Amino acid sequence: MPQVQTALGSGVLPFGKDCIKNKQSLLSLHESRTEEGVTKDLKPIMSELNKEVVDLVWGKPSGGGVSTSIFRRWSQGFVFSDHEQTALKQFEGGPCAVIAPVQAFLLKNILFNRENSTWRQMSEEEQKMALCSTLSEILESACASPSTGFCFVTWAKGQSPCSSTLSKTQTQSQTQDMPRPESSQSPQEQQPTALAAEDLGFEQFHSILHKRTVLSVSDLREEVLSLYQSWRGCCGVLLFLYSVILTKGIENIRNEIQDPTEPLIDPIHGHGSIFPHIDKIKGMQNNQSLVNLLITGHAVSNVWDGDRECSGMKLHGIHKQASVGFLTLMESLRYCKVGTFLKSPKFPIWILGSETHLSVFFTKELSLVGPESPSEQARRVFQSFDPEDNGFIPESLLEDVMKALDLVSEPEYVSLVKSKLDPESLGIILLGPFLLEFFPDQDSGIPDSFPIYHYNGLKQSNHKERVEYVEGTALVLGFEDPMVRTDDTPVKRCLQTKWPYIELLWTTNLSPSMN
């Protein structure tokens, strides 16, 4: 049996509007720790800490609470599509900031960790194991220290929506998206998988929560598996998000995010914080902390590599290669610059960010994430001297670029190269001619074409309003004039931040939607 911290007694505190106003406990989290068969009571977690969890996620919206519509949009579980057995569906806008990263890791585990070649087909048991393995991986990545254990936020005993007085109305209102009950489940164990009923509001939800902590990775995996019905049921996405946050640690998250006053979920629009502040310094990001926390285990707010100094302030970025990547349409609009650690992940799966939504682009072509070729390294180094992404550098920086690439950089030779690359004496060096001069006919190791897929969890954003992968073929051409020109679409513009000359041929009449 796993070693756990669990609630004692009723574990439930009264909750209402007055509780928020009086800054009382929002999470009824009572703890005990079981070690070597000995149980020791611990005092309840301080109410101020409980309030911090909600403030971190939702902020401090006017009126003391989160709107009913926003909370309802976030109160779904992890539910597989009826039409694509390895795809999760999203009922309404908002929770993509959690669902899309989980989908990306789910695809990684299905595509590259399973021996079964039919990756788009899974039984209910295989879905269960794949989802639980994915959630365990993300929780393990978020854990700040093994000694602190892994936290789970779930329903207090006897207080899940289906076993409480809330269940009747809620269950009756959710028949369309509820899967058939498994024969081994009792009615009390079955939980709805669609949106929560309106009578389970923001305040009620937080009044019936409970925290457990396991102390080892093996116990973590066992506990995640035992909570499968909670993950797929009502509010499963929020239960998992809170579990990740408490596993990471509130103080650790505050130390990593750029602006601790900005919530992880926008209290006005309900989006996860994934978009750059246009009114801030160019290149700075609004709290992308939620997405980065789930992708990398670190709640940093930026997408560049490493840390940067700006006006004496240290801005945290990504410090190592991620397992799955991230690309954003915002980069094509020059609002930010995604670094190599997210652009070139370990597996060929990328979360795509638009202005309002997250989707996933993926392929099985592992050569896309292989080691950098000399020309790819040269492009990256050249662009590091071009922070505005203009496609050129001042000729005064040419010597520095050549030195960084270990090219011959004697003054006489640099002067000769300048005259060749800038024959009209414009004072700039273009990226294309630079690469042609030093890395002609370089084979990047990437195939000329390969199958691709796009995932969007919103039913209404899919063809025929069914959550299914959109299939296609990608052509990656050289920087010389491409022979094939496809439509200019948001998906293509987003991918061009990684492959400037990529062309996409989809099997559907319409390009897949990023929104």
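Structure data summary
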{"item": "Surface accessible to a 1.4 Å probe, MET330 within the full protein complex, Å²", "result": "10 Å²"}
{"item": "GLU126 versus THR507: modelled label distance in nm, points set 7 Å from Cα along the beta carbon direction", "result": "1.8 nm"}
{"item": "Solvent accessible area, Å² - ASP305, 1.4 Å probe, full protein context", "result": "50 Å²"}
{"item": "Accessible surface ranking that places the most exposed of LYS337, LYS343 first, with a 1.4 angstrom probe", "result": "LYS337, LYS343"}
{"item": "Accessible carbon and sulfur surface of the range 308-378 relative to its total accessible area, %, 1.4 Å", "result": "53 percent"}
{"item": "Gain in span if fully extended, PHE112 to PHE385, counting 0.36 nm per residue against the direct Cα distance", "result": "94.7 nm"}
{"item": "In the range 68-138, the chymotrypsin sites (Phe, Trp or Tyr not before Pro) that fall in loop regions by DSSP, at most 14 other Cβ within 10 Å", "result": "TRP119"}
{"item": "Spin-label model distance (nm) - SER218 vs GLN460, 7 Å beyond Cα toward Cβ", "result": "4.9 nm"}
{"item": "Alpha carbon centroid spacing (whole Å) that separates the range 319-378 from the range 133-150", "result": "24 Å"}
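The values are calculated or read from the model by the stated rules, or taken from the named source; none is laboratory data. Quick caveat, the model's predicted, so the values are computed rather than measured. Positions of Cβ are backbone-derived with ideal geometry, glycine not excepted, and every protein chain shown enters the neighbour counts. For the accessible areas, the whole protein counts, side chains as well, though only heavy atoms, and no ligand, DNA or RNA atoms are used. Shrake-Rupley method; radii C 1.70, N 1.55, O 1.52, S 1.80 Å.
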